[in-house]
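Reading through the structure tokens given below for one structure.
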Ligand SMILES: Nc1nc2c(ncn2[C@@H]2O[C@H](COP(=O)(O)OP(=O)(O)O)[C@@H](O)[C@H]2O)c(=O)[nH]1
Ligand SMILES: [Mg+2]
């Protein structure tokens, strides 16, 4: 088995346009562990330029189809783009999910597009940490845009979705869909709304529901999310959707809010890394022989559980001191 190339040389190769190196780096950050850390250390100084667009909504809302349209649009402007499809329900990773592969195959031979699916491997918190690292891989590889498609169903997914510079929330016509989006916390993270499948009955009602909810939501805010309508399967409205994304980006730039947002995101990420590191240490502590001993003393009523925990983590000074 050949030894893995060092993170530095992989990063250099990725920067020079080696797609295999990009794929390898994405696998490493997805897996986590010591190698992922080495990759991030090598990458980090080369990042900070990418603009991220999150696309989120219920399964089947048309996120992948819309992403495909936005990729087309970005390529028409001549820019390169990376796509990360985060699917917590999929057991697959490392490649595209079948349906996505079929739709995305127009871009498969385009060297300006890099598409990747990431699954959770049963570890949602890990994915929340892996996503910003994966974005950094594409950033270092020179992609000015990264589109992150996330299923907006659970808290962690909504968190991942809300980590983009511009977050697009996709809903579909049908009674209650806008209300469901509201309940799922998608109203708070939305910078742009899109009612997709506008070829179906009820699209106007969905737009009206969203506008009514926006009327009630925080009147003091400086940006009111526009509500757009699309038919992703034929491309209707996707130009307007992209214009809305660009308008939001312009708004963030003009008001200096982009750097504030990114700074807040880094603080959140840093906290999550600290928490994960401490959790790992806690697990290691609880696997040692000292733990068994303490547990036995708690069982024998010699110690209460809090006191025992203090002894283990060193919160209580040694009695002989
Ligand atoms: N009628 C209609 N179907 C659509 C539209 N957009 C997507 N679909 C279909 O909806 C299904 C789910 O789309 P997909 O992009 O995979 O949704 P995702 O799960 O949110 O990524 C697919 O069969 C699409 O062809 C649309 O605007 N109108
Ligand atoms: Mg999809």
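The values are calculated or read from the model by the stated rules, or taken from the named source; none is laboratory data. For clarity, every value in this text was computed on a predicted model and none was experimentally measured. Every residue, glycine among them, receives a Cβ derived from its backbone with ideal geometry; neighbour counts consider all protein chains shown.
Below is a table of values for the structure above.
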item	result
Residues of the range 189-206 that turn out to be within 15 Å of ligand 1 (Cβ to nearest atom), part of a loop (DSSP other than H, G, I, E, B) and surrounded by 15 or more Cβ atoms within 10 Å (Cβ to Cβ), as a count	4
Any chance residue 209 is over 30 Å from residue 9 (Cα atoms) and surrounded by 17 or more Cβ atoms within 10 Å (Cβ to Cβ)	yes
Any pair with Cβ under 8 angstrom, 6 or more apart, that starts in the range 40-52 at a residue that is at negative phi and ends at one that is modelled with pLDDT of 95 or more and surrounded by fewer than 16 Cβ atoms within 10 Å (Cβ to Cβ)	49/144; 50/144; 51/144
Residue 282 vs. criteria at pLDDT 95 or above and in a helix (DSSP H, G or I)	no
Single residue of 170, 146 found to be part of a strand (DSSP E or B) and either at pLDDT 95 or above or more than 16 Å from ligand 2 (Cβ to nearest atom) (or both)	146
Residue ID - farthest from residue 163 (Cα to Cα), chosen from residues in the range 8-61 that are crowded, with 23+ Cβ neighbours inside 10 Å and within 16 Å of ligand 2 (Cβ to nearest atom)	61
Candidate set from the range 44-68 (those that are in a helix (DSSP H, G or I) and within 9 Å of ligand 1 (Cβ to nearest atom)); member that is farthest from residue 113 (Cα to Cα)	63
Qualifying residue in the range 238-251 (condition: at pLDDT below 95, touching a helix residue (DSSP H, G or I) at 6+ places or on another chain (Cβ under 7 Å) and part of a helix (DSSP H, G or I))	no
From 234, 260, residue being within 30 Å of residue 74 (Cα to Cα), part of a loop (DSSP other than H, G, I, E, B) and without any contact (Cβ under 8 Å) to a residue 40 or more places away in the chain	234
Pick from the range 219-232, criterion surrounded by 14 or more Cβ atoms within 10 Å (Cβ to Cβ) and in contact with a helix residue (DSSP H, G or I) (Cβ under 8 Å, 6 or more places away or on another chain), ranking: farthest from residue 182 (Cα to Cα)	232
Selection from the range 14-35 of residues that are at pLDDT 90 or above and in contact with a helix residue (DSSP H, G or I) (Cβ under 7 Å, 6 or more places away or on another chain)	14, 15, 21, 22, 24, 25, 26, 28, 29
Residue match in the range 217-228 (condition: more than 16 Å from ligand 2 (Cβ to nearest atom), at pLDDT 85 or above and within 18 Å of residue 72 (Cβ to Cβ))	yes
So residue 183, is it surrounded by fewer than 20 Cβ atoms within 10 Å (Cβ to Cβ) and either more than 16 Å from ligand 1 (Cβ to nearest atom) or within 14 Å of the chain's Cα centre (by Cα) (or both)	yes
Unmet criterion (only one of (1) in contact (Cβ under 8 Å) with a residue 60 or more places away in the chain; (2) loosely packed, with under 15 Cβ neighbours inside 10 Å; (3) within 20 Å of residue 202 (Cβ to Cβ)) for residue 239	(3)
